[in-house]
Amino acid sequence: MKFKYEDEYLAECKQIEENECCPYCGRKALVHCSDEDYFFACTACGHRFEFDGEYAEELAYYLASKQ
């Protein structure tokens, strides 16, 4: 049985991955924290957050391909 929280969390992860936007300030300024696989940070507001592994790998790939 899936919890509503898990569904909402995964939906938020997917939205962040698709838009590449910070969930805190909404700006496209995300960077992958190289010291930890599933952590990202926003260079605009400094917000640091953990991400679901499946979407984190995709987002890390997209961010790396832009550099």
Item to check | Solvent exposure of the chain as accessible area per residue, Å², 1.4 Å probe | outcome: 72
Checklist entry - Angle, helix 4-19 long axis vs. longest principal axis of the chain, Cα atoms, 0 to 90°, nearest 10? => result 30
Item to check | Nearest-0.05 FRET efficiency for LYS4 and SER65, computed from C-beta distance (R0 22 Å) | outcome: 0.05
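Kirkwood Rh over Cα pairs of the chain into Stokes-Einstein at 20 °C, 1.002 mPa s: D in µm²/s? Could the numbers behind the result be given before it?
Values: Rh = 12.0 Å.
Answer from the Stokes-Einstein relation: 178 µm²/s.
Quick one: pull the percent of accessible area on the chain belonging to carbon and sulfur, 1.4 Å probe, ligands and nucleic acids left out. Spell out each step's value before the answer.
Numbers: 2300 of 4790 Å².
About 48 percent, which is the carbon plus sulfur part of the accessible surface.
The values are calculated or read from the model by the stated rules, or taken from the named source; none is laboratory data. Please read all numbers here as calculations on a predicted model, not as lab measurements. With ideal geometry, Cβ positions are generated from the backbone for all residues, glycine too; neighbour counts draw on all protein chains shown. All accessible areas refer to the heavy atoms of the entire protein, side chains included, with ligands and DNA or RNA removed. Shrake-Rupley method; radii C 1.70, N 1.55, O 1.52, S 1.80 Å.
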